[in-house]
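The values are calculated or read from the model by the stated rules, or taken from the named source; none is laboratory data. Everything numeric here is computed off the predicted structure, so don't read it as measured data. Reconstructed Cβ throughout: ideal geometry from the backbone, glycine too, with neighbour counts over all protein chains shown. Heads up: the accessible areas ignore ligands, DNA and RNA and are worked out on the full protein's heavy atoms, side chains in. Shrake-Rupley method; radii C 1.70, N 1.55, O 1.52, S 1.80 Å.
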Amino acid sequence: MRSRLIYSAFGLLILLLTGCGTAKLNRYSLPYTAPGVTQVSATGRITGNSSLKQNPYRLWELYIEGSPLELGLRNGALTDSLYRHQESVFFRKVEEIVPSKGRQWLLRHFLAWYNRKLPRSIIPEYRQEIYGLSRYASDSLDFIAKPYARSLYLHAAHDIGHALQDLAMVGCTSFAVWGENTEDGNLLIGRNFDFYAGDEFAENKVVAFVKPDSGYGFLSVSWPGMIGVVSGMNTEGLTVTINAGKSSVPWKARTPVSLLVREILQYAKNIDEAVAISARRKVFVSESIMVGSAADNRAVLIEISPRKRGIYAVENRARLVCSNHFLSTAYSRDKKNRKQKAESHSMYRFERMNQLLDHEEKVNVEKAVNLLRNRYGLDDREIGLGNEKALNQLLAHHGVVFRPAERKAWVSAGPYQLGAFVAYDLKEVFSEDRKDSLWSDAETVKEDPFLHSRAYAGYERYRVLDRMLDRALKAHTVLPDSFFEEYISLNPELWSVYYKSGKYFKNRKQEDKARIYFETALTKEITTLPARREIEKNL
């Protein structure tokens with residue numbers, strides 16, 4: 001059920017693309033020379049001083065340098081097959097969600113109007129970089145839009161779905177500690193990027209090291225074809241991560257938040273400069289941007305939305321926690337934010353992270369990784385695997401830990417944040433005598449032992465059955481009792497507190513009613529929405 005909400009945002013995007021290949025965008029052109037690429041191994045390529053290599057943990061390490069256009073061309077030349085695969089995965093999901101030609105036609109024309117000014121909301125250097133990257137996009141998708149238009153709008157995928165359907169596809173949790181809360185007093189930041197667009201979408205994680213001609217070099221963790229930033233740190237020790245908030249809908253598209261964050265990362269060296277850059281751009285979604293700074297040895301939240309902006313800094317406490325609601329006084333009376341706190345799982349994760357930090361005297365990298373991997377509820381209660389209330393929801397695209405003063409980062413290998421947290425030292429990566437291997441084996445944090453447990457294997461089987469249940473509800477298919485017995489047994493704690501409509505249960509009596517709900521809804525074919533709502537009232 002949750003995947004339906006997430007994918008519907010992608011459905012909106014393809015409808016936009018189908019009608020947005022405007023003549024103006026199609027005429028956009030820059031002179032360029034395609035860089036030559038040398039294949040040095042099965043998983044390694046180079047072009048000049050730029051390179052792409054897959055490390056033993058299956059993370060793709062991309063290093064590129066140059067002007068905006070050169071960055072895009074080198075990115076595209078090195079990642080071309082990965083980039084095309086990522087596009088293909090993305091749009092295959094879209095096709096599953098938007099089968100109706102009539103709805104496509106209606107939404108296509110609305111979204112074409114809605115995004116009429118998106119290109120002018122993106123600064124020229126990023127348009128140039130996206131243009132260079134788009135030269136390597138797949139021709140097979142030109143029926144959707146030409147490569148440049150397609151790539152441009154893909155960078156607004158999160159924003160489009162979030163703004164028009166208010167879908168928080170990113171349900172993340174992050175924290176920052178410093179002073180008396182860390183072993184050496186220096187700032188330490190951890191974050192889970194709980195963005196789920198399907199297992200295949202998360203297969204190829206990219207750890208990009210970008211050395212632009214202007215601004216600072218930086219690390220960014222994302223996926224092929226993405227020049228925006230969702231998690232990153234620059235050579236000045238400034239970090240940025242984003243968490244989605246409750247959004248209102250503007251009348252037109254504005255700057256995609258990942259490109260605003262990219263601008264902060266590329267051009268700011270401290271918190272004041274980051275705040276100043278954020279004030280220059282208008283966005284069309286609500287986001288909390290956590291900015292950590294080695295120069296300031298602290299972190300703050302820049303809370304932005306289409307209509308207002310707030311800054312949240314802690315007083316007399318060397319700790320900052322962020323989930324998916326706003327904390328600054330600018331949003332203290334905001335109705336959407338108050339509703340988000342009351343009705344979503346954001347407050348629960350916020351309280352859970354604070355509770356865990358209360359019990360950690362001095363946080364180091366290993367402890368930070370364990371916090372991000374925590375699967376339990378408040379007071380260490382068993383709440384089941386994959387519960388949205390957990391810090392580790394077992395769906396994250398990546399987890400990351402930063403030590404800005406040392407310019408070091410740890411990036412999780414898959415699946416989710418259960419794989420090893422691979423260590424990187426930006427001082428070494430951006431030095432003149434850069435090594436072939438960008439990662440550091442000595443400081444890498446080992447994978448979670450849970451990855452090899454029976455419980456984890458059972459959870460993956462549970463996910464298979466969960467998708468079967470989604471399809472059965474949609475197709476009005478009757479499932480046997482044996483299905484429910486296996487489904488419940490694979491994740492019993494989750495069943496006792498959570499079921500498909502999102503309700504939470506406190507005791508066995510409510511659990512039994514939930515079981516009746518499922519069996520009645522499927523075996524009696526009571527699968528229409530009004531009928532299900534009537535049953536839910538009786539719970």
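Values computed for the structure shown
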item: Mean separation of Cα contacts under 8 Å (6+ apart) over length of the stretch 289-362, as relative contact order %; result: 20
item: Reciprocal mean inverse distance between Cα atoms of the stretch 204-264 - Kirkwood radius, Å; result: 12.8
item: Radius, Kirkwood style, for the stretch 354-407 when every pair of distinct Cα atoms is counted (Å); result: 12.3
item: Computed FRET value (nearest 0.05) for R120 with R471, which takes r as the C-beta separation and R₀ as 41 Å; result: 0.45
item: Pairs from K146/K341; K282/K339; K341/K367 whose Cα-Cα separation, in the structure shown, is over 29 Å; result: K146/K341
item: Å² of accessible area per residue within the stretch 288-435, as computed with a 1.4 Å probe and no ligands counted; result: 40
item: Inter-label distance, nm, simple model (7 Å from Cα along the C-beta direction), E485/R317; result: 5.0
item: Nonlocal amide H pairs with V363, under 5 Å, H built at 1.01 Å; result: T182, E183
item: Highest-first arrangement of 406-419, 118-131, where packing means the average Cβ count within 10 Å; result: 406-419, 118-131
item: Residue-wise HN-Hα coupling along the stretch 61-67, computed from phi with Karplus coefficients 6.51, -1.76, 1.60 (Hz; x: Gly, Pro); result: 9, 10, 10, 9, 8, x, 6
item: Relative packing of 225-231, 367-373, which averages over residues the other C-beta atoms within 10 Å, highest first; result: 225-231, 367-373
item: Cα Rg, Dmax, the stretch 301-428, angstrom units; result: 16.1, 47
item: 32 Å Cα-Cα threshold exceeded, pairs from K246/K446; K205/K435; K246/K435; result: K246/K446; K246/K435
item: Gain upon complete extension [S29, K427; 0.36 nm per residue less C-alpha separation]; result: 139.7 nm
item: Area of K269 that stays accessible when all protein chains are in place (1.4 Å probe, Å², to 10); result: 80
item: Cα gyration tensor category, rounded, prolate or oblate, for the stretch 169-316 with a/c compared to 1.5; result: rounded
item: Chain lengthening between A342 and N270 when straightened (0.36 nm per residue, less Cα-Cα); result: 22.5 nm
item: 16 Å cut-off, amide nitrogen to a point 7 angstrom out along S140 Cα→Cβ, residues in the stretch 56-94; result: 80-94
item: Phi-based couplings in Hz for the stretch 465-482 (Karplus 6.51, -1.76, 1.60; Gly and Pro marked x); result: 5, 4, 5, 4, 5, 4, 5, 5, 4, 5, 9, 6, 8, 7, 10, x, 4, 4
item: Kirkwood hydrodynamic radius of the stretch 304-356, from inverse mean 1/r over distinct Cα pairs, in Å; result: 12.0
item: Residues whose placed amide H lies under 5 Å from that of T444, excluding near-sequence neighbours; result: A423
